[in-house]
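Here is the structure we will look at, set down as structure tokens.
A short reminder: the numbers here are calculations on the coordinates, not readings from a lab. What you are looking at is a predicted structure, and each value in this text was computed from that prediction instead of being measured. With ideal geometry, Cβ positions are generated from the backbone for all residues, glycine too; neighbour counts draw on all protein chains shown.
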Amino acid sequence: MAESASDILTVRDLTLTYGGIIGVRDFSIGIPAGGVVALLGPNGSGKSSALKGICGEGTTRGTVLFHGHDVSHWSPNRRARAGLVQVPQEGGLFKEMTVLENLKLGAYKRSRQEREEALRRVFDLFPALAKTGKLPAGMLSGGEQQMLAMGRALMGSPKLLLLDEPTIGLAPVAVTEAFKQIASVSQAGLSLVIVDQNAMQALQLATHVCIVNRGRVVYAATKEQALSEVNLVDAHLGLVTTDQLSDDASETDELTVSDAAMPSLRGRVRTRLRRRPRG
């Protein structure tokens, strides 16, 4: 997506390295306020690394603007306090602590009144958490743990929520329920970026589509534009013309891209993109 004055987040030429290994290179994207961005791409393409870099993890260079402020040199904790919050893969919960204790950790810097108000909002959004408040988080089902992870993130009153594989390891029924929960969060007006192996469900919620390959954004558009460019989207997801999709593909050979499963995914995404959202 091209930069816009209304973007809640602007990332320019972000490069992230882990001990000399490049995770993303010259990654640029604009996240619109109130938007839902589906970040797509094959395994190993840099999607999760991009979220980590945006949140300040690892060694980075480039520019990250959040609500108009340059946060490029802010620590992950400071970015989170400002409202830029990530829900990591598998939630990052403290399994031996209770549901309520995990939730309160998400607002540990808030006043008691702010914590109580945040709890009420989370329980309104996820009533099941109110019923399990005294249980250890490790006793919850996979779907309930994912709900708890999102609830804990919401306790800090985020402005932008980055969801990294929120349905990983969940049964199909739990996946459907998890996306209903994510839809509820979106309908509350929160900006979202979703990285998930269940691309079709992510696309249903999305207002914008972004495709990553070898650590770079190779396609970004509104979902409406993507609906009119299905063949182009198909080509990017298929990686059938890698040299054409990246001006400098040879420079990113450090990244391992596993796209053996992409043909079947590509076909399903093509079908989903052709189904215009109702209403």
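Things to note:
- Lys134-Ile21 FRET efficiency (beta carbon distance; Förster radius 45 Å; 0.05 resolution): 0.55
- The residues packed around Pro88, meaning those with a beta-carbon under 10 Å from its beta-carbon, carry a net charge of -3 if Lys and Arg are +1 and Asp and Glu are -1.
- Net length gained if the chain between Ala183 and Asp124 were fully extended (0.36 nm per residue, minus Cα distance): 19.8 nm
- Neighbourhood net charge (14 Å Cβ-Cβ; Lys/Arg +1, Asp/Glu -1) for Thr98: +2
- Pairs beyond 29 Å (Cα-Cα), from Lys52/Lys109; Lys47/Lys134; Lys131/Lys180; Lys131/Lys223; Lys104/Lys223; Lys104/Lys159: Lys47/Lys134; Lys131/Lys223; Lys104/Lys223
- Radius 13 Å from Cβ of Leu154, net charge of other residues (Lys, Arg +1; Asp, Glu -1): +4
- Dipole moment magnitude, nearest 20 debye, segment 50-159 about Cα centre, only Lys, Arg, Asp, Glu C-beta charged: 260 debye
- Cα-based shape type of segment 92-157, given that a ≥ b ≥ c are square roots of the gyration tensor eigenvalues and the cut on a/c is 1.5: prolate
- Applying 0.36 nm per residue to the separation of Glu117 and Leu105 and subtracting their alpha-carbon distance, the gain on full extension is 2.9 nm.
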